[in-house]
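J.: Submitted below is the structure of interest, expressed as structure tokens.
The values are calculated or read from the model by the stated rules, or taken from the named source; none is laboratory data. Everything numeric in this text was worked out from a predicted model, so none of it was measured. Cβ placement follows ideal geometry from the backbone for every residue including glycine, while neighbour counts extend to all protein chains displayed.
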Amino acid sequence: MPTLASELDLPEISATAETFDQRFARKMALDPEQWLVRNVFGYAVLHYDDVTAILRDKRWHSAVSRIPELMGITNPEFLARQQISILSAEGDVHTRLRRLVAQAFSPRAADRLRPFMREVMDGLIDNVADAGRADFTTDICEPYPIPIICELLGAPKKDWQLFSRWAGDILEIFSADVVDKLDLIMRTQDELGEYTRGLIAERRSKPAEDLLTDLIAAEEAGDKLNNDELVMMVNAVIVGGTDTTRNQLGCAVALLANHPDQWALLAEHPDLAPRAVEEAMRYFGAVRGTARFASTDIEYRDVLFPAGTFIAVGLAEANRDSAVFSDPEVFDITSPPAGQPQVTFGSGIHYCLGAALARAELQEALPLLAQRMPKLAIDGDITWKPEGVGIFGPARMPITFAAGH
Ligand code: HEM
């Protein structure tokens, strides 16, 4: 007979009164047998095996689908839009969307953009190279992903500014006062929708080598995405692909700035970039956790989680699990890969759709930065984003480096 989760005697690890680092230290110091803890929303799993088992179990649904309800959003039009978004869909709707779009987000599709990624990053470094100082967040991280998403979609350079504004407004979806921002978000979704419909019409008559053309062509057993679904896919690419990439780049460079020998090594051996990206995402991922809720009563490891139970899934903790990673507390871009991947992109059916694109963006950016910003140092203090927001990273990061490269 499984034990009801609420009847277990569990350590309580809550978000209040502690910083993420303090909580993290407390979780890592727990008895290795302690696979489940209680938190303010329900429960949390911390070990690699439990984290991946829960993410791969389709009975646990993404908490993203519950965010509007939890935030008190009742607007029926907004809720209807969310239902066809890959970010919040579940079950058959999600499986169908995922199947239809998977090919368009393959590593090969991302590789097409690598020369363009280098061009964008080179241009951003050009702006600060002679000064030998910059705010890494505003000068490099912020502007990096938008041109790439525009190029991915096939939107021209003249529209980068427009996309930048749309992305800023749509990303308000992550803000604490999302209810007050709903009008703005929906207005922006409408503007972006109208723009996307224009691009779709163009691509239908004149296919090109871009994501939109691939998504329009995507077909399985006669099934295709309709225009509303295509529009929501573009929306999902902006929501999922902008702030994540920016913050992961910021986290990776903050980390490497503290390991100058590895920064220099990366400059000398750009072929280390794929390992450097995986190791930086393992050691300091910008997405440190996600959440699920039980869509039905779930029995797991002899514990019964009744339908509706929330569970936080500790990606950052799993990435430091000594059962999977040898020397998990050591950051080393030359260490051989562990048998299992880092989990900052998640796992299971909601595994990051843009992982190949994000990997390519980071793999192109890091060695170029290391080569053109030798002797990188943090100039003062890094201001970190507030905790609690799903994506973590530096809000301000003043840096110095050897000028003129
Ligand atoms: C380093 C950068 C990135 C990180 C750390 C990241 C992380 C994640 C994580 C952890 C998830 C799964 C969330 C969960 O299971 O609850 C996810 C899903 C997703 N990501 Fe990313 N992501 C990144 C970049 C991107 C990019 C560039 C795109 C755009 C193409 C993107 C689009 C998506 C989408 C659409 C989903 C939802 C997939 C689904 O539910 O089926 N992400 N991402």
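J.: Name the single residue that is farthest from Glu202 (Cα to Cα) among those in the stretch 170-182 being within 18 Å of the chain's Cα centre (by Cα) and assigned to a helix (DSSP H, G or I).
T.: Ranking the qualifying residues of the stretch 170-182, first place goes to Phe174.
J.: Here are the criteria: (1) closer than 22 Å to Arg23 by Cβ; (2) within 11 Å of the ligand (Cβ to nearest atom). Tell me which single one Gly348 does not satisfy.
T.: Unmet condition: (1).
J.: List, please: which pairs have Cβ atoms under 8 Å, are six or more places apart or on different chains, and start with a residue in the stretch 228-257 that is over 30 Å from Val93 (Cα atoms) and end with one that is near the ligand (Cβ under 9 Å from one of its atoms) and assigned to a helix (DSSP H, G or I)?
T.: From residues that are over 30 Å from Val93 (Cα atoms), the pairs are Leu249/Glu361; Leu249/Leu362; Ala252/Val277; Ala252/Met281; Ala252/Leu362.
J.: Among the residues of the stretch 189-208, is any on the phi > 0 side of the Ramachandran plot and either out of contact with any helix residue (DSSP H, G or I) (no Cβ under 6 Å at 6 or more places or on another chain) or surrounded by 15 or more Cβ atoms within 10 Å (Cβ to Cβ) (or both)?
T.: Taking the stretch 189-208 and keeping what is on the phi > 0 side of the Ramachandran plot, we get none.
No, that holds for no residue.
J.: Next question, about the same structure. Looking at the stretch 44-79 only, could you name the residues that are of a type outside the set (A, V, I, L, M, F, W, C) and within 14 Å of the ligand (Cβ to nearest atom)?
T.: Thr52, Arg56, Asp57, Lys58, His61, Ser62, Ser65, Arg66
J.: Sticking with this structure for a sec: Enumerate the pairs (first residue in the stretch 76-103 and over 19 Å from Asp214 (Cα atoms) and assigned to a helix (DSSP H, G or I); second residue anywhere and within 9 Å of the ligand (Cβ to nearest atom) and not aromatic (Phe, Trp, Tyr)) with beta-carbon separation below 8 Å, excluding pairs fewer than 6 apart on the same chain, so at least 6 apart or on different chains.
T.: Gln82/Ser88; Gln83/Ala89
J.: Limited to the stretch 7-46, what total is found for residues that are loosely packed, with under 15 Cβ neighbours inside 10 Å, part of a helix (DSSP H, G or I) and free of Cβ contacts under 8 Å to residues at least 12 places away in the same chain?
T.: 4
J.: Among the residues of the stretch 47-62 satisfying the criterion of being part of a helix (DSSP H, G or I) and surrounded by 19 or more Cβ atoms within 10 Å (Cβ to Cβ), which is farthest from the chain's Cα centre (by Cα)?
T.: Asp50
J.: If we only count strands (runs of 3 or more DSSP E) wholly inside the stretch 190-307, which ones have 1 or more residues that are under 30 Å from His61 (Cβ atoms) and more than 16 Å from the ligand (Cβ to nearest atom)?
T.: In the stretch 190-307, the matching strands (runs of 3 or more DSSP E) lie at 298-300, 303-305.
J.: In a helix (DSSP H, G or I), more than 14 Å from the ligand (Cβ to nearest atom) and not aliphatic (A, V, I, L, M): is that true of Gln340 in this structure? Steps first, answer last, please.
T.: Details: in a helix (DSSP H, G or I): no; more than 14 Å from the ligand (Cβ to nearest atom): yes; not aliphatic (A, V, I, L, M): yes.
Answer is no for this residue.
J.: For the stretch 92-113, what are the residues that are more than 12 Å from the ligand (Cβ to nearest atom) and either surrounded by 21 or more Cβ atoms within 10 Å (Cβ to Cβ) or closer than 20 Å to Asp223 by Cβ (or both)?
T.: Asp92, Gln103
J.: Just checking, does the stretch 382-402 include any residue being within 9 Å of the ligand (Cβ to nearest atom), surrounded by 21 or more Cβ atoms within 10 Å (Cβ to Cβ), of a type outside the set (A, V, I, L, M, F, W, C) and within 30 Å of His61 (Cβ to Cβ)?
T.: No, the conditions are met nowhere in the stretch 382-402.
J.: Turning to a different aspect of this structure: Among what's in the stretch 114-157 and is over 23 Å from Ala254 (Cα atoms) and in a loop (DSSP other than H, G, I, E, B), pick the residue that is farthest from the ligand (Cβ to nearest atom).
T.: Pro156
Okay, residues lined up against (1) modelled with pLDDT of 95 or more; (2) within 16 Å of the ligand (Cβ to nearest atom); (3) not in a helix (DSSP H, G or I):
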position: Pro328; (1), (2), (3): no, no, yes
position: Pro336; (1), (2), (3): no, no, yes
position: Cys352; (1), (2), (3): yes, yes, yes
position: Ala358; (1), (2), (3): yes, yes, no
position: Pro374; (1), (2), (3): yes, no, yes
